[in-house]
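In what follows, a structure is listed as structure tokens, so that the remarks can point back to it.
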Amino acid sequence: MTEAELLREEIAELEAQIFRIKGSMNRADNGVKLQKLAVITRLRDRCKQSLVALEKHGEAA
């Protein structure tokens, strides 16, 4: 697998985690889940930026 394919796979997994967390939130544990959601969202955004930079430099297949 190329680096771009690996990043796309990681982004898809992070987006799935974000979807699951948002779907399971309730009032009792929102604080913990909001913190986890923020971390995962930042990680996904960094992966997306890396993918764009990789594709921009022509290293993506």
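Things to note:
- Consider the range 1-21 and keep the residues that are aliphatic (A, V, I, L, M) and out of contact with any Ser or Thr (no Cβ under 9 Å at 6 or more places or on another chain). The one that is farthest from SER50 (Cα to Cα) is ILE21.
- Taken together, SER24, SER50 contain a single residue that is open to solvent by 40 Å² or more (accessible area, probe 1.4 Å), more than 12 Å from the chain's Cα centre (by Cα) and not basic (Lys, Arg), which is SER24.
- Among residues of the range 1-21, those that are touching a residue at least 40 places away in the same chain (Cβ under 8 Å) and surrounded by 13 or more Cβ atoms within 10 Å (Cβ to Cβ), counted: 5
The values are calculated or read from the model by the stated rules, or taken from the named source; none is laboratory data. Values in this document were obtained by computation on a predicted structure and should not be read as measured data. So basically every Cβ, Gly included, is an ideal-geometry build from the backbone, and we count neighbours across all protein chains shown. Heavy atoms of the whole protein, side chains included, go into the accessibility calculation; ligands, DNA and RNA do not. Shrake-Rupley method; radii C 1.70, N 1.55, O 1.52, S 1.80 Å.
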